[in-house]
Amino acid sequence: MMAAALGPPEVIAQLENAAKVLMVSARAPAPHLSIRLRKSPFIPTFKVDYVLFQAATAIMEAVVREWILLEKGSIESLRTFLLTYVLQRPHLQKYVREQILLAVAVILISSGNPTVQTLACSILTALLSEFSSSSKTSNIGLSMEFHGNCKRVFQEEDLRQIFLLTVEVLQEFSRREHLSAQMSSVFQRYLALANHVLSWNFLHYIAMFESSQNVLLKPTESWREALLDSRVMELFFTVHRKIREDSDMAQDSLQCLAQLASLHGPVFPDEGAQVDYLAHFIEGLLGTINGIEIEDSEAVGISSIISNLITVFPRNVLTAIPRELFSSFVNCLTHLTCSFGRSAALEEVLDKDDMVYMEAYDRLLESWLTLVQDDKHFHKGFFTQHAVQVFNSYIQCHLAAPDGTRNLTANGVASREEEEISELQEDDRDQFSDQLASVGMLGRIAAEHCIPLLTSLLEERVTRLHGQLQRQQQQLLASPTSGSADSKTLDDLYEDIHWLILVTGYLLADDTQGETPLIPPEIMEYSIKHSSEVDINTTLQILGSPGEKASSIPGYNRTDSVIRLLSAILRVSEVESRAIRADLTHLLSPQMGKDIVWFLKRWAKTYLLVDEKLYDQISVPFSTAFGADTEGSQWIVGYLLQKVLSNLSVCSSEQGLADDTVQLLVTLVERRERANLVIQCENWWNLAKQFASRSPPLNFLSSPVQRTLMKALVLGGFAHMDTETKQQYWTEVLQPLQQRFLRVINQENFPQTCQQEEVKQEITATLEALCGIAEATQVDNVAILFNFLMDFLTNCIGLMEVYKNTPETVNLIIEVFVEVAHKQICYLGESKAMNLYEACLTLLQVYSKNNLGRQRIDVTAEEEQYQDLLLIMELLTNLLSKEFIDFSDTDEVFRGQEPGPAASRSVSAADVVLYGFPTLCNQYYKLITFICEIFPEKIPQLPEDLFKSLMYSLELGMTSYPLKIMSSEVCQLCLEALTPLAEQCAKAQETDAPLFLATRHFLKLVFDMLVLQKHSTEMTTAAGEAFYTLVCLHQAEYSELVETLLSSQQDPVIYQRLADAFNKLTASSTPPALDRKQKMAFLKSLEEFMANVGGLLCVK
C-alpha cells in the first residue's frame, strides 16, 4: 500500500536502494521484491544494474504474455528503444545488457519474419555462448564467482525460457509441409540453438572448475516440466523425420535426441518417471528408424542415442520398461549393429576419409559389451541369439566371396585391387583391438555356435591353402621361369585366415597386461559341458597331427571343440612351415606368419601348463592336453619351439614377424614351469649356440629382435638344471659375448678402427645383448646377472669416450645403464647397489665432461635429438628409487663433485622451456621432484648456483602453467616437491637458510594460485598439501598475506566473506602443525573454502 502511494521517483529510489542491498549480499532476490521490480519498468530512469535487469525481464515476460494485444507500432517502438538503449550505454553490466538483448530476441522471434527471426537467433546464440562456460565468458574484469552466479541465474530462468521459445519455433516449422530456402535456413538455425541448449553444461558447482568434455544432460529440478513433457521428445523425433535427408540439419536433430537420451539427475522425481521417460523415448526411436534405410549422416548420431540410453539409464530402469518394447529395442540394436558393420567394412575397402559407419559400429559394439557383461539383470543365454547374429555378420564382412562380402561394393562388384600396405600402417590386431575384443566376447556368449563355426571355416581354408601351394610348387617345378598364375586366390585365402585367426585369438583369450592370464569362464564351461562326449585319445591325436586334415582321423567328431579349433591354427602353422622347407617362402604371407605366432603366444600364456589351482573346475580335455606333466604339453612346447626356429631362419628381413616370433619365445620361458620343458628340447640348445656364435641367419636379425632373443635365452638359463648343465649353458650363452667384446675393445688400434662398420656392428650387438640380459632380471636371478653385467659396465664407460661423437652409440650405452638400474637396483643389497651407483656416477661424469659447453638452442630440432637427456634423467630417476641409499655414509664417493653434475649441466629449466618438448620437460620435472621427495635433506647442501637453479625450476613450473607454457602435470609435480622441502625446513629450524627463505617465497606463489588464479580440482589437491605445510612453516607470513589481501578489499561484504572463510579455513588446525590428522582436516576445510570464495577474486 505504501508503494502505491508513492510517485514514480520515490518508487524508483526505493527499488534502487533495495536492489543495492540485494546485490551487496550476493544472494538471490526475495520473491516479493523481485515482483515489485518487474512491475515498475521505468528503464530510462533506473541507475542500479539489478533494477535494470528485472525491468528487462518484466518486458520480456509481458511481450510473451500480451503479444496478440500489442499493436505493431508499439512493438517496433519498444524493440527500437531497447536496442538504442543498449547501443548508447557501452558500459552496462554484462548481465544487464544480455537480459535486455534477450527481451529484444523474444520480440524478434515473435514477429514471424524470417529475416528478423534469424537476427533473433543470432542474438540468442551469442547469449548462450557468453554464458555457456567460464572459458567463453568475456574478459570484463569481474570475479569468476560473479561469472558463475550469472551462469546459474541464466540457466535457471533465461535458458529455460530460450528453450521453450525455441521449441515453439520448431513446432511452428514442423507443421509446415513445404519450406522455402529462407525458411529452411531459419529452421536450421533454431535447431542448432536447441542443440546448444540441450548440450549445456549445467552448473552445480563453482564455475572455475567446470568441464566441457562429454557433457551429458543433467539439468536441475526447475527443468522438470519442460523436459519430461513427452510432447517435447516427440517434437524432436518429428523434426528429425522431416529433415533427415539434409545431412547438416540431421546432425543437429540427432545430437538433440542424443542429449535427451542422456537425461539424468534431479530432473527425475523418482524411478517411475525414469521408466516412463525411457519407454516413451525408445518408442519414438523405434518409430523413427524402423523400416527406413539409414543415411550416412545419421549413423553416428543414432549410435550415440543408443549408447547413451544403455550407459546413462540404470540397468534396473532399462529392464523395467515393457518386455515387448525392450525385446524390440534389442532386436533393433542387433539389426543396426550388423548393418553398420557391413557399411564399416565397405568404408575400409574404399579407404574413405570420413569413417562414419566405423565410428558408429564401434559405439554399438561397446553398448553390447555393457549389456552382455551384466549377469545380474539378464539371465544366462538372454543375448545368445543376438550375439550369434552380430558374430556371423562380423565374420561375413571379413571373408571373401562367396562365403563373405569382403572387397565387394554395394552393387556386389569386386572393388579395386588393394594397395600395398604401408610400413607405417597399424596392424589390424592393434587398430581394431576394441572391435575384436567385443566380437570375441560375443563369440564366448554364443560359444556353442561360434567355436564350431570358426573351426569349420579355418579347416576349409587351410585345406585350400595347402592345395594352392602344392599347385604353385608343381608349376614352378614344371616351368621355373613362369610367374605366379593365381596370386588373387592366395591373397584372398591369406586375408580370410588373417581375420579368422584374429577373431579366434580374441575369443579364446584376453589381453593380460600385469595380470595372471585365465581361461575365460565361458570357454571353460563350454569345454566342461561337452567333456562327456569327448574321446580324449582322438582329441590328442588331432592335436598332435597338424600335418593331417582333422576329418581324416577316425572319430574326429568326438573331439573337444576348443582343442580342435587350436589344432586348426596349428595346421595353418604347419602348412606355412612346410612351405618354408620347400623353398616357397616367396609365396607366403608375412602377415599370416605374424598372426600365427601372435595367436600362439596369446594362447600359450593362458592355456599352456594351465594352473588348476586358479579354477573352481577344470576341463578334463584341457588338463590332459595342456596340463603339467603331460605328454601333450611336452609335445606342444617342442612344436612351438620348432616354429620359432623355422621363423627365425627365414624372417630376418621381416621385422614384424621376427619380433612376434621372439615374443613367443619369451612367453615359453618367462614362467619357470614352461622353461623346464623348453630346455629339454635339443632345438633350444642349438638356438643358444647359434645365437652366441653370431652365426647366420640369426646375426642378420634387427637389434631390437636380438635384444629380446637374448632376454629369452637368459630366462631359459634359470630353468631347473643340475649344476654342471647350468654351468655348461652359461658358458655357451654368455661367455662368447664377453670374449668377443673384450677382443674388440682391447685391440691396440681400437680407437682407429672403432668407426668401421664391422666393429660398430659388434659393439651395437653387444650393447643390445646387455640390455636384453638386464630385461631378463627376476628376483631369483639378479645376483648372477648383476655380477656378469658389472664387468661390462666399466668397459662401457670407456666406450663413451671413444664414441662421444656418435650419438646413437652413446644413447645405447646409456640405455644399458638405464635398464640395469631399472630392473636390478630394487633387488640389490647395499654393497652391490653402491657399486652400481659408482659406475653410473662415473658414466655421468664422462657424459658431463663430453657435453660441457654444448649448446642446445635449435628450436626446430626433433625431440629424438635429445634422447640422451631423456635417458640421463631416466637413469637418475631409477637410481634415486633405491630409498635406502644414504649419501652421508659414502661422502668419499662424491668428494669434490657437485651432486648430480650431469643433470645440472646437461639441461636447465630454461632449456626445457626453450626446447618446447613435452616429454623432455615432464621427465626433467619428474626427476627434480623425485630428488626433493627422496633426499630433501641434501637440497640445502647444494652449491649456491645449483640450489638457485633448482628453485628457479620449481618456480618456473608453477608460474608457467597459468600461461599454458607448461602442462598441469608439471605444475602438479612442482607442488608435490614443495611439501618435503618445507617439512625439511621445519625439522632443521634454520630460519636464515636459503631453503627457508625460498619456501617463504613459494608460500606466496601457492597462496596466489589458490585464491587468485583459475585452476583444476586436481591442482587444488596438490596445492592444498603444499600450502598446509608452508603455512605450518611460515605462520606469521601467512597471516600477513591474509591481512594484505583483506585490506585491499574495498567492498565490506566481500571483505567479511573472505575474513570468515579464512578464519574457518584454519579453525580446525590452530595453531597449524605437521600432524596428519590436522592436515586432513585442513584439506577438507580447503574444499569448503574453494567452494565458498574460490572464484571471488579470480578475475576474468
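The values are calculated or read from the model by the stated rules, or taken from the named source; none is laboratory data. Note that the structure is predicted; figures quoted are calculated from it, not measured. Positions of Cβ are backbone-derived with ideal geometry, glycine not excepted, and every protein chain shown enters the neighbour counts. Please note that ligands, DNA and RNA were not included when accessible areas were found on the heavy atoms of the full protein model with its side chains. Shrake-Rupley method; radii C 1.70, N 1.55, O 1.52, S 1.80 Å.
Some observations on this one:
- When the inverse distances between all different Cα atoms of the stretch 753-795 are averaged and flipped, the Kirkwood radius reads 11.5 angstrom.
- Percentage, to the nearest whole number, of Cα pairs in the stretch 632-693 over 15 Å apart: 49
- Potential extension, residue 948-residue 1064 segment - 0.36 nm per residue separation minus Cα distance: 38.2 nm
- Translational diffusion of the stretch 582-733, estimated by Stokes-Einstein from the Kirkwood radius over alpha carbon pairs at 4 °C in a medium of 1.567 mPa s, is 80 µm² per second.
- Taking the centroid of alpha carbons for each part, the stretch 505-527 and the stretch 375-395 are 18 Å apart.
- Entry comment: accessible area of the stretch 262-401 is 42 Å² per residue, from protein heavy atoms only and a probe of 1.4 Å.
- Gain on full stretching of the segment that runs from residue 585 to residue 319 - 0.36 nm per residue minus C-alpha separation: 90.2 nm
- Shape category assigned to the stretch 214-259 from the gyration tensor of Cα positions, a/c cut at 1.5: oblate
- Across the protein chains, with a 1.4 Å probe defining accessible surface, the residues 1029, 319 rank 319, 1029 from largest area downward.
- Where labels lie 7 Å past Cα in the beta-carbon direction, separation of residue 750 and residue 431 in nm: 4.7
- From phi via Karplus (6.51, -1.76, 1.60), per-residue ³J(HN,Hα) for the stretch 967-979 in Hz, x at Gly/Pro: 7, 5, 4, 5, 4, 5, 4, 5, 5, 5, 6, 5, 4
- Prolate/oblate/rounded label for the stretch 1007-1065 (Cα gyration tensor, a/c 1.5): oblate
- Peptides 987-995, 554-562 ordered by packing proxy, namely the average of other Cβ atoms within 10 Å per residue, highest first: 554-562, 987-995.
- Alpha-carbon centroids, the stretch 302-341 and the stretch 226-256: separation in whole Å: 19
- Apportionment of accessible area to carbon and sulfur, the stretch 566-672, percent (1.4 Å): 45
- Prolate/oblate/rounded call for the stretch 756-833, Cα gyration tensor, a/c under 1.5 rounded: prolate
- 21 Å Cα-Cα threshold exceeded, pairs from 601/726; 643/711; 529/601; 926/948; 605/643; 613/643: 601/726; 529/601; 613/643
- Excluding ligands, DNA and RNA, the accessible surface per residue across the stretch 529-599 is 40 Å² with a 1.4 Å probe.
- When Rg and the Kirkwood radius Rh are both evaluated on Cα atoms of the stretch 266-326, their ratio Rg/Rh stands at 1.01.
- Sorting 363-376, 599-612 by average packing, meaning the other beta carbons within 10 Å per residue, from highest down gives 599-612, 363-376.
- Residue-normalised accessible area of the stretch 639-796, expressed per residue, 1.4 Å probe, Å²: 41
- Cα pair distances of the stretch 714-787 binned at 5 Å [whole percent]: 3, 14, 22, 21, 15, 11, 8, 4, 2, 0
- When both the stretch 441-482 and the stretch 723-751 are represented by their alpha-carbon centers, they are found 46 Å apart.
- Residues residue 845 and residue 937, FRET efficiency given R0 of 22 Å [Cβ-Cβ distance, rounded to 0.05]: 0.40
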